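The values are calculated or read from the model by the stated rules, or taken from the named source; none is laboratory data. Quantities reported herein were computed from a predicted structural model and do not represent experimental measurements. Neighbour counts are summed over all protein chains in view; Cβ atoms, including those assigned to glycine, are modelled from backbone coordinates with ideal geometry.
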Amino acid sequence: MRISKSTLDNTSSVAVVLSKHKRRKKMADKKPYEVEYKGVTIRCSTSQEAVEVAKLLGGAPDHPHYAPWRVDEFTEFVDRLQVAQRRLLNALLKARCQSVRDYDLCGKLGLGSNQALVGALSGVTKVAKLMEIDPSRIYYQRTEYKQGSPERRYYITPAFMKAADDADWPSQNDLVERGDD
C-alpha cells in the first residue's frame with residue numbers, strides 16, 4: 001500500500017535494502033582494499049592506492065601501519081616467532097589487509113577459543129616488544145558490536161604485508177613444527 005510517492009511499503013523497502021547490499025558486495029569484490037577516514041570507508045583497487053588515499057587524507061607517512069621494514073629487521077622478527085604465531089600471521093597475510101573475524105581465525109588455526117587466539121596474538125606482541133618494534137606495525141584489531149556482542153576483526157598492516165611479499169614469507173617450512181617433517 002503506497003501512501004505517497006516518497007513513502008514505500010514494506011515490500012518495496014525490502015527490495016531497496018537488498019539491492020543496496022548487493023551493490024556494496026559487488027563494490028567490495030571489485031575494490032578489496034579499504035581505508036577508514038572519520039567513519040567513512042573508502043574502497044580501493046590496490047594496496048598502493050589505499051596507501052596513497054590514506055596519506056592524502058592525513059595518514060601520516062610515519063604512522064606505524066605504513067612504516068617500512070628493513071630486511072634484517074623483518075627476518076629476525078619472523079625467525080623469533082613460534083609456529084602458531086607464524087600461522088596466525090600467515091592467515092592475516094592471506095586476507096591481504098582485509099579484516100579477518102576472530103572466530104574465522106580460530107577456525108583457520110584450529111583454536112578452540114578466543115583465549116587461545118589471544119595467546120598467539122600475545123606471543124607476536126611479546127616478540128615485537130623484545131625487539132623494540134611497535135606491535136601496530138604488524139597487525140591491528142577493531143571491535144564492532146553486532147546485536148550487543150563484540151566481534152573482533154584483525155588486519156595485517158600494509159607495511160608488514162609488503163615486507164612479507166618482498167621476503168617471499170612464509171614458506172611451507174615456516175609453518176610446520178621442526179619435528180613434524
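In table form, for the structure just shown:
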quantity	calculated
Verdict on T157 being of a type in the set (S, T, N, Q), within 30 Å of I42 (Cα to Cα) and in contact with a Ser or Thr (Cβ under 9 Å, 6 or more places away or on another chain)	yes
Tally of residues being of a type outside the set (F, W, Y) and more than 14 Å from the chain's Cα centre (by Cα) across region 54-106	30
Residues (assigned to a loop (DSSP other than H, G, I, E, B) and either touching a helix residue (DSSP H, G or I) at 6+ places or on another chain (Cβ under 7 Å) or under 20 Å from Q141 (Cβ atoms) (or both)) located in region 64-78	A67, P68, W69
Residue in region 135-144 that is farthest from V78 (Cα to Cα), counting only those that are modelled with pLDDT of 90 or more and either of a type in the set (A, V, I, L, M) or surrounded by fewer than 19 Cβ atoms within 10 Å (Cβ to Cβ) (or both)	T143
Qualifying helices (runs of 4 or more DSSP H) (wholly inside region 79-161; at least 2 residues being under 25 Å from Y37 (Cα atoms))	83-94
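Per-residue answers, yes or no, for (1) touching a strand residue (DSSP E or B) at 6+ places or on another chain (Cβ under 6 Å); (2) at pLDDT 75 or above:
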site	(1), (2)
L8	no, no
V16	no, no
K20	no, no
Y33	yes, yes
E36	no, yes
S45	no, yes
Q48	no, yes
E52	no, yes
V83	no, yes
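Condition check ((1) exposed (fewer than 15 other Cβ atoms within 10 Å of the Cβ); (2) touching a residue at least 12 places away in the same chain (Cβ under 8 Å); (3) β-branched (V, I, T)) across all residues:
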position	(1), (2), (3)
R86	no, yes, no
N90	no, yes, no
G107	yes, no, no
I133	no, yes, yes
K146	yes, no, no
T157	no, yes, yes
V176	yes, yes, yes
